[in-house]
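The values are calculated or read from the model by the stated rules, or taken from the named source; none is laboratory data. Just so we're clear, the structure is a prediction, and the values are computed from it rather than from any experiment. So basically every Cβ, Gly included, is an ideal-geometry build from the backbone, and we count neighbours across all protein chains shown.
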Amino acid sequence: MYQEKLMGKKGRTLILAYDHGLEHGPIDFNLNSADPDFIFDIAVKSKVSGVVVLSGLAEQYGRKYGFFLPLIVKLNGKSSIGEGEPYSAQFCSVERAAKLGASAVGYTIYLGSEEEAKIFKEFGQIVEEAHSRQLPVIAWVYPRGKAVKDDLSTEILAYAGRTALELGADIVKLKYNGDFEGFKWVVKNAGLCDVVVAGGEKEEDPLSFLRSVKEVLDAGAKGVAVGRNVWQSENPLGMLDALTKLIFHDVPPEKAVMYVNKI
């Protein structure tokens, strides 16, 4: 019920992800997208449902832009440099996120990691604290670790969705494996925990990307949390316009793509 704050028309959502600076490093950025002002500006202009940032950006830029759009503050994160079993430690409290103006908080769960018990305990405490403040909680659930043989199998994705539900998340962010019928089973297992799909690496063909978004919506997902396919686009605002038309107004991908090419 807490996730209603991030849901727009038809109970759907369009989240702009911008936590890549820590998670991936500058490799994903260009001269535009490396500038947080650029990202926040297109987020405000397109009226996205929320923008995902870490606490540093929320503190440095929230005063300027937080009034105009919902901030989703990620409470944990890690660099892409280290090796070993995946674990992303919490470094921002729910209390601090709330003081920074967060409309929701997020946390990455590595399902199947040897650090799973520690991750679950940390996440449980976050859910308790966030819900006491009426803040929705988004779980990034990524099956990873040496025990995970195929992180994109339908069964492991369904397990990921169910894990988010069982642990108390309001929204779960998952990858899409291209299995339309199978993804219906993934959504079913997530129950009342709404599924949003990760945008992933930038696709060269905008129409192909928009068609995949339409697929996950038809399979029961409530929206997407997309970063690189927006701000690596030649026309980021156009891509957000296209996604808005597709997600909230049911404009077919073949027509929505015209907004990407519109200057």
task = Residue by residue through segment 113-142, note down the ones that are of a type outside the set (Lys, Arg), assigned to a loop (DSSP other than H, G, I, E, B) and either surrounded by fewer than 22 Cβ atoms within 10 Å (Cβ to Cβ) or under 19 Å from the mean Cα position of the chain (by Cα) (or both).
result = Glu114, Glu115, Gln134, Leu135, Pro136, Tyr142
ask   = Pairs, please: C-beta under 8 Å, at least 6 apart or cross-chain, first residue over 13 Å from Glu23 (Cβ atoms) and among the β-branched types (Val, Ile, Thr) and in segment 74-96, second modelled with pLDDT of 90 or more and assigned to a loop (DSSP other than H, G, I, E, B)?
value = Val94/Leu75; Val94/Arg133; Val94/Leu135
query = Just checking, how many residues over segment 163-194 are farther than 25 Å from Gln134 by Cβ and either touching a residue at least 40 places away in the same chain (Cβ under 8 Å) or basic (Lys, Arg) (or both)?
reply = 4
request  = Only residues in segment 46-68 that are within 24 Å of Val260 (Cβ to Cβ) count as the first member; pair them with residues that are among the hydrophobic types (A, V, I, L, M, F, W, C) and assigned to a loop (DSSP other than H, G, I, E, B), Cβ under 8 angstrom, at least 6 apart or cross-chain, and list the lot.
outcome  = Lys47/Leu69; Val48/Leu69; Ser49/Met7; Gly50/Leu69; Val51/Leu69
task = Take Val172 and decide whether it is part of a helix (DSSP H, G or I), among the hydrophobic types (A, V, I, L, M, F, W, C) and touching a strand residue (DSSP E or B) at 6+ places or on another chain (Cβ under 9 Å).
result = no
Test set (1) at pLDDT 95 or above; (2) more than 27 Å from Met239 (Cα to Cα) - Lys78 fails condition number = (1)
Subset of segment 223-250 that is in a helix (DSSP H, G or I), in contact (Cβ under 8 Å) with a residue 60 or more places away in the chain and of a type in the set (A, V, I, L, M, F, W, C) - its residue that is surrounded by the fewest Cβ atoms within 10 Å (Cβ to Cβ) = Phe248
message = Here is a list: Gly182, Gly178, Gly145, Gly220. Which entry is in a loop (DSSP other than H, G, I, E, B), out of contact with any strand residue (DSSP E or B) (no Cβ under 9 Å at 6 or more places or on another chain) and modelled with pLDDT of 95 or more?
response = Gly178
task = Return the total of residues in segment 5-45 being at pLDDT 90 or above, within 17 Å of the chain's Cα centre (by Cα) and of a type in the set (Gly, Ala, Ser).
result = 3
task = Mind listing whichever residues of segment 47-71 are among the hydroxyl-bearing types (Ser, Thr, Tyr) and part of a helix (DSSP H, G or I)?
result = Ser55, Tyr61, Tyr65
